[in-house]
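The values are calculated or read from the model by the stated rules, or taken from the named source; none is laboratory data. Not measured: the values here are computed from a predicted model. Ideal geometry is used to build each Cβ from the backbone, glycine not excepted, and the neighbour counts take in all protein chains shown. The accessibility values were calculated without ligands, DNA or RNA, using every heavy atom of the protein model including side chains. Shrake-Rupley method; radii C 1.70, N 1.55, O 1.52, S 1.80 Å.
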Amino acid sequence: MNSDRSFFALGFAALTAISCVERQGPKPPTFPSGGLLARSVPLPQPELLSALEGIYDATNRFGKFAVVHASVQGNSPPTSPATTKAALAILGREHFAFAILEPGCFTDTSTATTVLQLVLEGYWRYLDDAQPDSSSMGLIRLFVQPSSVAALLCGGVAPPPGTVATLVGATGQGNAEPTAPLNVTYVQQRKSRLVDGKKSFFVGAHHGGCVTSDDCGISENTPETFVLASQLGADFLEIDVHLTADGIPVLFHFPDLSAILVQGPYCFGPIAGYTYAQLIANCRLKNGELIPRLEDALAYGLTNTDLIVWLDMKVANAVVPVSQLLGRLATRLPPTAMVMNRVVMGLPAGDVVDAYVSAKQNGQLAQGQRCLVEQEAANVTSIPCIAWGPRYTRGPMAGDVQNLQSQGKFVGYWTINDPGVIDDFLIDGKPNGILTNYLGLLNQRWEAVGILPPYPVSQ
Amino acid sequence: MNLRALIGAASLVTTAAASASTQSSSGQASVPPDQSALAASATDMPLATAPSVGFIFFPTAPDPGQQRWAVGGVWQIAPMFNANFRLGLGSGFAFDARLSSIFVYNQLGAGATWAVPVGPFHLGLMAHLDAWFGVLGKAFTDSETSGFNSSGWGILTEPGAMAGLQLTKDSWITLVAELYLQPYQAQKLGSLVVTPQAPFYSGARASLVVEYSLGKGAIYYGVSVYHTTQNFPIWFNVNYSTQKFFYLGLLGGYEF
């Protein structure tokens, strides 16, 4: 019967659509014609934007206890020309909300008196909606008030300590012009992360600032995620390392070219079965990027952000080539990149630990190579490594954590994304860090309930 | 080939294979292997009523006091053993009990179904309440290398609806839709017990199941489309997310 055939055709089409659809995430919205930033000039001293950091009441979009975080990305001198840019993020708990804004200074002649304005423009996002639409993503435009603070920052002068600013403006839905009023009012200072003068709590980005499945417009494990993670308040970044058939370390999470992360009709099977040339010929990540070489990602990330990098070594045979690559990068990149200080080799499994120990004994590791153990706490002192990164599913293990912290080691759990569980581990474990997919959320929860560990991180 | 003939043919192919090995004494099990003829003739056969013991999926209750058992499996993320029991209560009502296990996740539940014939269709409603428990890591392996020292437990409620249609003399097809609501869940991570602050919706499942009568017994097989959170029912999944995913499952088994 025709109706039966129609039924089957519809069912088959539905199943096909469900199983074959490729998810290409929407890009974050941008202002038409570049918005007010298009007729603004950048801050002369981007780092001065940190004067606006604090805890703010941003009710209606980011909640009563939102974190305002400033960051700077880009090359600084001696690289020339300098390309540093500042960003301001607003980070909330509800809906895992965040906004990323860029500053610009312009002379406002629209009123009777000419005023120097510091405008912040960008986009906001509710990260608990993994397939964002206009109800969970939109444009945001804020102005720094009072105008005296804006004038100081636009003049390259740091406001006096204790200066309080308010961010006044609006948010919009999707690509629409922002019209919903938003007042972001200062509440209090951010909490110190120092123990005995040493930074001892660190926010960690899992696979980058935003995992591919959360549709932030860029794919996880890419150089671009360094910038996003830095903007969202990360202190360190965990990225995954595999080896191609011709021995090139690349960033990718799974051993196979999973359709969750890549696209391309000839892009499937084990990543170790492809040479790097074959990989870039056949595969693109979900948002169109190439699968990056570790070398390129580190060269970009270490010179454009100040993030610490945790390399999750997915295969044991990558230990030696990656360590030697780090040694080469240490001589190639500017000293400010501090390659051997900022890149830590994560050892997730017994075979990788064995490969690392063997390479160390045979003198195959680059000088100054540092490591992080994910499994047995005892290995942190026996190898030795500088850090322990246990999976949170083993519980807080407060005794083991404190024991290692008393030796100056870093302890950070992976990977916690649930706000309630984040709170429990911050309070019960007093770790030096947590790895998460939701950087804004973790920053907000740290400010709300975080407790500093009893000992400083010494290395 | 119409819908009934197509599924009837598939049922008969499966049955012929099953009957060859089980030497079933049922009349249906001794059908000749000429599948195209069987499929064609299936549409012409007079439709019999469902057995008095009913089925596990098709929305018709066993006669009062009659019961039906079934064992089988579901393959979604991993293979899971299933056992079902249904007892007729009269007036279209039946008592249901069911067990599912993949070792690290074990679920036992009970509930009720109510079914009514509407024209050529049979429609039904159901509600189940399940308790589940799972353990992973230190309990049966070295937690240092597994990365887990976790156990989980909770309550799952599964309201749903069914629509069934007899396809051939011996085969019945049922569309089952179920929701997964978790009023309570807990995980013990090492020494720390964490629970969500509020009940939550874990997702839904729609299944298309064919039940083929072998006389006294019956086989069932089908396909499910799931739309659930990433960590359902794998409670220990580390990448907790509220995002829901589509994926497919297969199910099959034998009804006694």
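So here's what we get for this one:
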quantity: Segment A:361-402 - Debye-derived log10 I(q)/I(0), Cα point model, q = 0.20 Å⁻¹; calculated: -0.66
quantity: Cα Rg, Dmax (largest Cα-Cα span) when computed across the protein assembly as shown, Å; calculated: 30.0, 99
quantity: Exceeding the 19 Å Cα-Cα cut-off - candidates A:K198/A:K430; A:K286/A:K314; A:K85/A:K198; A:K199/A:K360; B:K188/B:K244; B:K169/B:K216; calculated: A:K286/A:K314; A:K85/A:K198; A:K199/A:K360; B:K188/B:K244
quantity: Segment A:216-344 - accessible surface per residue (Å², probe 1.4 Å); calculated: 35 Å²
quantity: Rounded to whole Hz, the Karplus (6.51, -1.76, 1.60) HN-Hα couplings of segment A:310-315, x for glycine and proline; calculated: 9, 8, 8, 7, 6, 9
quantity: Accessible-area ranking of B:S202, A:S110, largest first, probe 1.4 Å; calculated: A:S110, B:S202
quantity: Over segment A:247-321, volume per residue of the alpha carbon convex hull, in Å³; calculated: 103 Å³
quantity: Cα-projected label distance for B:Q243 with A:Q131, points at 7 Å along beta-carbon direction, nm; calculated: 1.1 nm
quantity: Relative contact order (%) - criterion: Cα under 8 Å, at least six apart; region: chain A; calculated: 14 percent
quantity: With DNA, RNA and ligands ignored, accessible area of A:K360 (1.4 Å probe; Å², nearest 10); calculated: 100 Å²
quantity: Percent of C-alpha pairs per 10 Å bin, segment A:181-227, short to long; calculated: 22, 23, 33, 21, 0
quantity: Mean separation of Cα contacts under 8 Å, 6 or more apart, over the residue count of segment B:107-196: relative contact order %; calculated: 25 percent
quantity: Sequence of B:E211, A:E289 when ordered by accessible area, the most exposed leading, probe 1.4 angstrom; calculated: A:E289, B:E211
quantity: Accessible-area order (highest first, 1.4 angstrom probe) of the listed residues A:Y413, B:Y184, B:Y221; calculated: B:Y184, B:Y221, A:Y413
quantity: In order through segment A:227-232: 3J(HN,Hα) via Karplus (6.51 cos²θ - 1.76 cosθ + 1.60), integer Hz, x for Gly, Pro; calculated: 5, 4, 4, 4, 4, 8
quantity: Segment A:73-189, Rg to Rh (Cα coordinates; Rh as Kirkwood inverse mean 1/r); calculated: 1.01
quantity: Amide H within-cut-off set for A:A97, under 5 Å, with H built and near neighbours excluded; calculated: A:G92, A:L127
quantity: Per-residue ³J(HN,Hα) for segment A:428-440, Karplus 6.51 cos²θ - 1.76 cosθ + 1.60, θ = phi - 60°, Hz, x for Gly and Pro; calculated: 6, x, 6, x, 8, x, 9, 9, 8, 7, 10, 5, x
quantity: Partner chain coverage, peptide A:415-422 - average Cβ within 10 angstrom; calculated: 4
quantity: Accessible-area value, B:R205, 1.4 Å probe, nucleic acids and ligands omitted, Å²; calculated: 40 Å²
quantity: Inter-centroid distance (Cα atoms) of segment B:179-233 relative to segment A:411-459, Å; calculated: 32 Å
quantity: Ratio of Rg to Rh over segment A:318-459 (Cα coordinates, Kirkwood Rh, two decimals); calculated: 1.00
quantity: Structure-based [θ]222 nm, chain A - -39500 (n - 2.57) summed over DSSP H runs of at least 4, per residue, nearest 500; calculated: -7500 deg cm²/dmol
